[in-house]
Structures are given as C-alpha cells and as structure tokens.
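The values are calculated or read from the model by the stated rules, or taken from the named source; none is laboratory data. It should be emphasised that the depicted structure is a prediction, and the values quoted were computed from it without experimental measurement. Backbone-built Cβ (ideal geometry, glycine too); neighbour counts: all protein chains shown. To get the accessible areas, we keep the full protein, side chains included, count just its heavy atoms, and leave off ligands, DNA and RNA. Shrake-Rupley method; radii C 1.70, N 1.55, O 1.52, S 1.80 Å.
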Amino acid sequence: MSISILILNGPNLNLLGTRQPEVYGSTTLADVEAMCAEKARSLGVEIDFRQSNHEGTLVDWIHEAKGKHDGIVINAGAYTHTSVALLDAIASVELPVAEVHISNIHKREEFRHLSYISKVALGMICGFGPYGYLIAIDALAHHLSA
Ligand code: CA2
C-alpha cells in the first residue's frame, strides 16, 4: 500500500498569490496544490491537500488523519505561533509531522519566532517559498519508507 500524506494549510493561506506578493510571492494555493500533486506522483505517494481558516477544523482533520494517513505536512499559518490546541492534536495522533512556512519566520517579527508546531514536529522547513512543501513531502516520504 502506498504512503498517504495529509497536507494542511491554516488561516489566510487561501489568499496566497493574491496579496502581499513581496512577502509570500505570486504563487496561488491552487498552484501549490498542483506542485504537491506532481511531487507526490513522482514519488508514488498519495496526498490529500486542504485549507481552513478555522482552528477547530484543523484539529478535527488532524484527529481524522489517524489510521487514514501516514504523516502530515502542515503550514498552520498564524496558528503556528498561538495554538496549543494544534500542538495537542498533533501529539495525540502520534503521526510524523513536517512543518512548512513559505517565509523565513526567524527573519520576521519576534512574535513569529515561536512555533508550537515545532515542539511536536519531526522537522521544520521555512524560507524557501512554496518549494518548501515539496521538500517536506520528500522528507516525510523518506522518513516513512526508511
Ligand atoms: O510563512 C508562512 O508560511 C506563514 O505560515 C504564513 C502565515 C504567517 O502568519 C506565518 O507567520 C508564516 C500567514 C499566511 C497568510 O498568507 C497570506 C497570503 C497572502 C496575503 C495575505 C496573507
């Protein structure tokens, strides 16, 4: 059976490519999904790509991943810096998680330097733009097949 990866996107990421191109670039979330689908196809893995602006919805999707997916790629958006609920949800499912950020959160405001997700993630990729999603899929697929 092939590896299945859930890819979660948090608040405002639906706006990607439409505003603040100087920070987040001009690639839309639909473009990111297409890039991830192509990467997954080349690796022979399955993906399920989702976005929500609601913390509870993201928590529900993480819970539902247990027994359905083998790992999670997550860009939790601003919830990265605030959400103990997402930290607890990730810890509860015991699935490997690759955290992604389009921007380099450590080069930005102080409040973006703390990530609750990093405390329970296998690893974190930031600053490489949407390409970071492809690195995360690669890293997770490699981890899961090792
Ligand atoms: O760099 C990232 O990927 C972030 O997770 C993006 C979040 C931000 O709060 C994190 O600190 C870092 C923001 C996502 C909002 O994306 C927008 C895209 C276009 C226009 C407005 C917001």
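So the values come out like this:
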item: Any pair with Cβ under 7 angstrom, 6 or more apart, that starts in the range 132-146 at a residue that is without any contact (Cβ under 8 Å) to a residue 60 or more places away in the chain and ends at one that is surrounded by fewer than 17 Cβ atoms within 10 Å (Cβ to Cβ); result: Ile135/Phe128; Ala139/Gly123
item: Qualifying residue in the range 97-118 (condition: away from the ligand (no atom under 16 Å from the Cβ), more than 19 Å from Leu16 (Cα to Cα) and not β-branched (Val, Ile, Thr)); result: no
item: Boolean, Ile62 is within 13 Å of the ligand (Cβ to nearest atom) and of a type in the set (Val, Ile, Thr); result: no
item: Count of the range 47-99 residues which are more than 12 Å from Asn9 (Cα to Cα) and among the charged types (D, E, K, R); result: 7
item: Search result, residues across the range 38-72 that are in contact with a helix residue (DSSP H, G or I) (Cβ under 6 Å, 6 or more places away or on another chain) and either free of Cβ contacts under 8 Å to residues at least 12 places away in the same chain or part of a loop (DSSP other than H, G, I, E, B) (or both); result: Val45, Ser52, Lys66, Asp70
item: Selection count, the range 92-132, where residues are aliphatic (A, V, I, L, M) and open to solvent by 50 Å² or more (accessible area, probe 1.4 Å); result: 3
item: Test: residue in the range 19-37 that is assigned to a loop (DSSP other than H, G, I, E, B) and either surrounded by 19 or more Cβ atoms within 10 Å (Cβ to Cβ) or near the ligand (Cβ under 8 Å from one of its atoms) (or both); result: yes
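Residue-by-condition table, conditions (1) buried (at least 16 other Cβ atoms within 10 Å of the Cβ); (2) more than 13 Å from the ligand (Cβ to nearest atom); (3) modelled with pLDDT of 95 or more:
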{"residue": "Ile3", "(1), (2), (3)": "yes, yes, yes"}
{"residue": "Asn12", "(1), (2), (3)": "no, no, yes"}
{"residue": "Gly44", "(1), (2), (3)": "no, yes, yes"}
{"residue": "Ile47", "(1), (2), (3)": "yes, yes, yes"}
